[in-house]
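To keep things clear, I will list the structure first and then write my remarks on it.
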Amino acid sequence: MSVSASSKLSKTLREQYFKLPQGNAVQVTYVWIDGSGEGLRRKTKTLYSEPKTVQDIPEWNFDGSSTDQAEGSNSDMYLVPVSMFRDPFCRDPNKLVLCEVLKYNRKPAETNLRHTCNQAMDQAGQSRPWFGLEQEYTLFGIDKRPYGWPQNGFPGPQGPYYCGVGADRVYGRDIVESHYRACMYADVKISGTNAEVMPSQWEFQIGPCEGIEMGDHLWIARYILHRVCEDFGVMATFDPKPITGNWNGAGCHANFSTEEMRKEGGLKYIEEAIEKLSKRHAYHICVYDPNEGKDNSRRLTGLHETSSIHDFSAGVANRGASIRIPRQVGQDRCGYFEDRRPSANCDPYAVTEALVRTCILNETGNGQKVAIK
């Protein structure tokens, strides 16, 4: 299996330097979303006292022409810290900080979807929207082949891999466990993980989170995953259909509830929200992947535990529906529902904003419709 050259450098030797005292200095790593809407970038600044809140971290800037976010003639972009985490790579007192990106005129960059999401969350605050996102991903070697797959040919058919145990069923667990522990150290709200249906495919869950916190925690969890994979010399892809053929795709299922849904008799409000969602299917498909439905069209085929991208459906315990009501929720008549349409490479700010605008703020119409081929 092909791994990156940098992963072969001695981690023992590196640890010698990490044991050196750093005095009063603190490393703060600024993390932001680049012009692709999917990639993450980072750079590090030294502060001379440990920041206690995100307000203690100064704004910074970067060259937007090198991240596909600005022209070279006017390339400075602002990094505005919005959420702070412990740094699991450099460890305490060092920090990770997620940033919004603003253009030269202080307006949000095109891929800064947090800005309008935060506005929607403020408007919907009294409903106390809770989210839990199930992030699926696939491990690849740098040879662009799924990690652990035979160099010539394919592994056995799907079946034994989901939540699997054993060297012939599970590939890359060390990466998964390291990511889990790193997220816990960082105070990311990671709530679980499991091996998925396709070999080398995994999932972690973030939540429950309220409001804007959901997007912040998922983006930092993705950053931590990429950094852990870097140490192991492999890659994580969020491609919704990384391998064509009779293999499961990768989604980012969104679990959603309001305070009314979580209370006794809340099933009524769940059903009302599903009715609203049924009338805005095209709008949600458009925002549930960064390429306005084109990525998801490879995944939402009606096969491999997905619904058809062309049709809206809902059902209790039905993993082939657009919206699944968990069986326990049907029995308790309160709780939450799961929107299974978002792709693995979705922007969680776009997904959570869309759910709030449709289900709480009662926005209507399909918005920008897209032609799905």
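Condition check: at pLDDT 95 or above, over 24 Å from CYS117 (Cβ atoms) and either among the polar types (S, T, N, Q) or under 20 Å from the mean Cα position of the chain (by Cα) (or both). Does ASP87 satisfy that? Here the answer is yes, as ASP87 does meet what is asked. If we keep just the residues of region 243-268 that are surrounded by 18 or more Cβ atoms within 10 Å (Cβ to Cβ) and part of a loop (DSSP other than H, G, I, E, B), which is nearest to the chain's Cα centre (by Cα)? Across region 243-268, the extreme among qualifying residues is ALA250.
The residue of region 202-242 that is nearest to the chain's Cα centre (by Cα), among those that are among the β-branched types (Val, Ile, Thr) and either over 21 Å from GLY172 (Cα atoms) or open to solvent by 30 Å² or more (accessible area, probe 1.4 Å) (or both), is THR237. Scanning region 349-360 turns up no residue that is part of a loop (DSSP other than H, G, I, E, B), open to solvent by less than 10 Å² (accessible area, probe 1.4 Å) and modelled with pLDDT of 95 or more.
Considering (1) open to solvent by 60 Å² or more (accessible area, probe 1.4 Å); (2) part of a helix (DSSP H, G or I); (3) not polar (S, T, N, Q), the lone condition that GLU292 does not fulfil carries the number (2).
Residues in region 120-128 include none that are of a type in the set (S, T, N, Q), part of a strand (DSSP E or B), modelled with pLDDT of 95 or more and at negative phi.
Rundown of residues vs (1) surrounded by fewer than 17 Cβ atoms within 10 Å (Cβ to Cβ); (2) at pLDDT 95 or above, yes/no style:
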site	(1), (2)
LYS19	yes, no
LYS43	yes, yes
GLU59	yes, yes
PHE62	no, yes
GLU71	yes, no
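Evaluating PRO88 against the criteria (1) farther than 19 Å from VAL228 by Cβ; (2) part of a loop (DSSP other than H, G, I, E, B) leaves one unmet condition, (1).
I'm trying to understand the selection: among the residues of region 295-311, which are under 27 Å from SER191 (Cβ atoms) and open to solvent by 20 Å² or more (accessible area, probe 1.4 Å)?
ASP295, HIS304, GLU305
The values are calculated or read from the model by the stated rules, or taken from the named source; none is laboratory data. Being a predicted model, the structure only gives us computed values, none of them experimental. Glycine also receives a Cβ, built like all others from the backbone with ideal geometry; neighbour counts cover every protein chain displayed. Surface accessibility is based on the protein's heavy atoms, side chains included, excluding ligands, DNA and RNA. Shrake-Rupley method; radii C 1.70, N 1.55, O 1.52, S 1.80 Å.
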